[in-house]
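Worksheet for the structure shown next.
The values are calculated or read from the model by the stated rules, or taken from the named source; none is laboratory data. All values reported here derive from a predicted model rather than from experimental measurement. Here the Cβ is made from the backbone with ideal geometry for all residues, glycine too, and neighbour counts use every protein chain on show.
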Amino acid sequence: MTIRTLRLSAALVTAVSFSGGAIAKPVVVPPAAHEFDLGSLKVVSLRDADNVLENDGKVFGASVAPSDVARVLKAAGAPTDKITLGVDALLVKAPDRVMLFDTGLGPTVHGALMGSLEQAHVKPSDVTDIMITHSHFDHVGGLATSGGELAFPKATIHISAEEWAWMQSQPDSEALAKIIAPRVKTFEPGGMIVPGVTTLSLPGHTPGHVGYQITSEGQTLVDIGDTAHSSIVSLAEPEWAIGYDNDEDLGETTRRAELKTLADGKTLIFAPHFPFPGVGRIVAEADHFAFKPQ
């Protein structure tokens with residue numbers, strides 16, 4: 001293993017720890033690929049891993065108490081001592097492009113993305129475009145191989161200009177940023193970056209966090225990135241601060257507004273941290289929301 005690889009691995013493992021000292025514990029899962037149609041497009045949810053967090057007040061309910069979080073989890077029939085989040089990616093097959101939305105944790109923590117891609121009959125060299133919602137490790141870790149090379153050598157890596165600047169400024173991301181820099185193409189949110197894919201500004205989680213609206217033949221799917229993490233807690237109590245958010249107040253405002261927009265529009269969504277395959281709709285229930293899987 002080269003010095004460069006050692007430095008990359010150390011940086012990526014360190015990045016599993018997010019703000020507030022909160023640490024997610026990655027759990028290895030078998031690969032899986034869930035395919036469905038969106039207009040003329042073939043869309044595939046790709047499984048990468050699970051992240052398990054203790055209900056300790058560091059992430060969920062950072063502005064309340066673990067007992068409040070436990071109450072919400074219990075009402076949903078979920079364990080009250082921990083929260084399990086999926087770590088998944090989205091693949092979109094168009095006639096002239098193969099697009100990957102985020103890349104999971106990657107080989108450093110034995111992510112299953114490559115196996116899931118194989119189940120979808122896609123090779124890394126087939127991927128033409130990678131759309132990054134934000135630069136937290138569990139979304140960009142799969143951009144590099146365990147040897148410190150580009151995992152998708154022919155792909156253009158799309159990332160918002162503000163997020164790219166922020167990623168390069170973070171010590172834990174420095175090694176990875178250098179590897180991917182030759183393939184990065186930045187954008188300002190709000191426009192179409194390739195045919196059928198429009199970027200959505202969803203600030204708060206990170207400075208340049210975005211979502212992606214994918215449209216084909218009148219059908220729409222929105223990749224919400226980390227606008228909401230838990231399909232239970234984030235929707236039942238959207239105003240509760242999330243310890244992973246870089247700006248908790250802005251994150252709360254964005255989360256509430258986007259969930260309302262999605263519920264009002266009955267929009268199909270992909271949420272990378274909801275239970276696999278993470279596809280369904282947000283529905284309004286009184287003063288909060290719920291997730292209805294597709």
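Overview of values
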{"item": "Single residue of Leu259, Leu202, Leu235 found to be buried (at least 20 other Cβ atoms within 10 Å of the Cβ), without any contact (Cβ under 8 Å) to a residue 40 or more places away in the chain and not polar (S, T, N, Q)", "result": "Leu259"}
{"item": "Residues (more than 17 Å from His288 (Cβ to Cβ) and in contact with a strand residue (DSSP E or B) (Cβ under 7 Å, 6 or more places away or on another chain)) located in the stretch 60-80", "result": "Ala62"}
{"item": "Where Val69 falls short, out of the listed (1) within 21 Å of Pro31 (Cα to Cα); (2) crowded, with 17+ Cβ neighbours inside 10 Å", "result": "(1)"}
{"item": "Test: residue in the stretch 214-227 that is free of Cβ contacts under 8 Å to residues at least 40 places away in the same chain, surrounded by fewer than 21 Cβ atoms within 10 Å (Cβ to Cβ), touching a strand residue (DSSP E or B) at 6+ places or on another chain (Cβ under 9 Å) and not small (Gly, Ala, Ser)", "result": "no"}
{"item": "Test: residue in the stretch 263-275 that is in contact with a Phe, Trp or Tyr (Cβ under 7 Å, 6 or more places away or on another chain) and at pLDDT 95 or above", "result": "yes"}
{"item": "Any hit, the stretch 140-161, residues being under 20 Å from Ala24 (Cα atoms), at pLDDT 95 or above and hydrophobic (A, V, I, L, M, F, W, C)", "result": "yes"}
{"item": "Every residue from the stretch 266-287 that is out of contact with any strand residue (DSSP E or B) (no Cβ under 8 Å at 6 or more places or on another chain) and outside any strand (DSSP E or B)", "result": "Ala286, Asp287"}
{"item": "One residue from Asp249, Asp245 being surrounded by fewer than 18 Cβ atoms within 10 Å (Cβ to Cβ), closer than 17 Å to Pro203 by Cβ, among the charged types (D, E, K, R) and touching a residue at least 12 places away in the same chain (Cβ under 8 Å)", "result": "Asp249"}
{"item": "Checklist (1) part of a strand (DSSP E or B); (2) surrounded by fewer than 17 Cβ atoms within 10 Å (Cβ to Cβ) applied to Lys74, failing item", "result": "(1)"}
{"item": "Residue that is farthest from Ala151 (Cα to Cα) [pool: residues in the stretch 77-124 that are buried (at least 18 other Cβ atoms within 10 Å of the Cβ) and among the hydroxyl-bearing types (Ser, Thr, Tyr)]", "result": "Ser116"}
{"item": "Residue list for the stretch 105-157, filter: without any contact (Cβ under 8 Å) to a residue 24 or more places away in the chain and in contact with a Lys or Arg (Cβ under 7 Å, 6 or more places away or on another chain)", "result": "none"}
{"item": "Selection count, the stretch 22-71, where residues are of a type in the set (Val, Ile, Thr) and outside any strand (DSSP E or B)", "result": "5"}
{"item": "Candidate set from the stretch 264-294 (those that are within 20 Å of Val210 (Cα to Cα) and aliphatic (A, V, I, L, M)); member that is surrounded by the most Cβ atoms within 10 Å (Cβ to Cβ)", "result": "Ala271"}
{"item": "Looking only at the stretch 107-121, and only at residues there that are under 15 Å from Asp48 (Cα atoms) and assigned to a loop (DSSP other than H, G, I, E, B), the one that is farthest from the chain's Cα centre (by Cα)", "result": "Ala120"}
{"item": "Enumeration of residues in the stretch 125-171 that are surrounded by fewer than 19 Cβ atoms within 10 Å (Cβ to Cβ) and farther than 21 Å from Thr206 by Cα", "result": "Ser125, Asp126, Thr128, Ser146, Gly147, Glu149, Leu150, Pro153, Lys154, Thr156"}
{"item": "Of all residues making up the stretch 95-106, the number that are at pLDDT 95 or above, within 16 Å of the chain's Cα centre (by Cα) and in a loop (DSSP other than H, G, I, E, B)", "result": "4"}
{"item": "Residue match in the stretch 86-94 (condition: of a type outside the set (Ser, Thr, Tyr), farther than 17 Å from Gly278 by Cα and either assigned to a strand (DSSP E or B) or modelled with pLDDT of 95 or more (or both))", "result": "yes"}
{"item": "Failed item in (1) closer than 28 Å to Trp240 by Cα; (2) at pLDDT 95 or above; (3) of a type in the set (Ser, Thr, Tyr), with Ser40 passing the rest", "result": "(1)"}
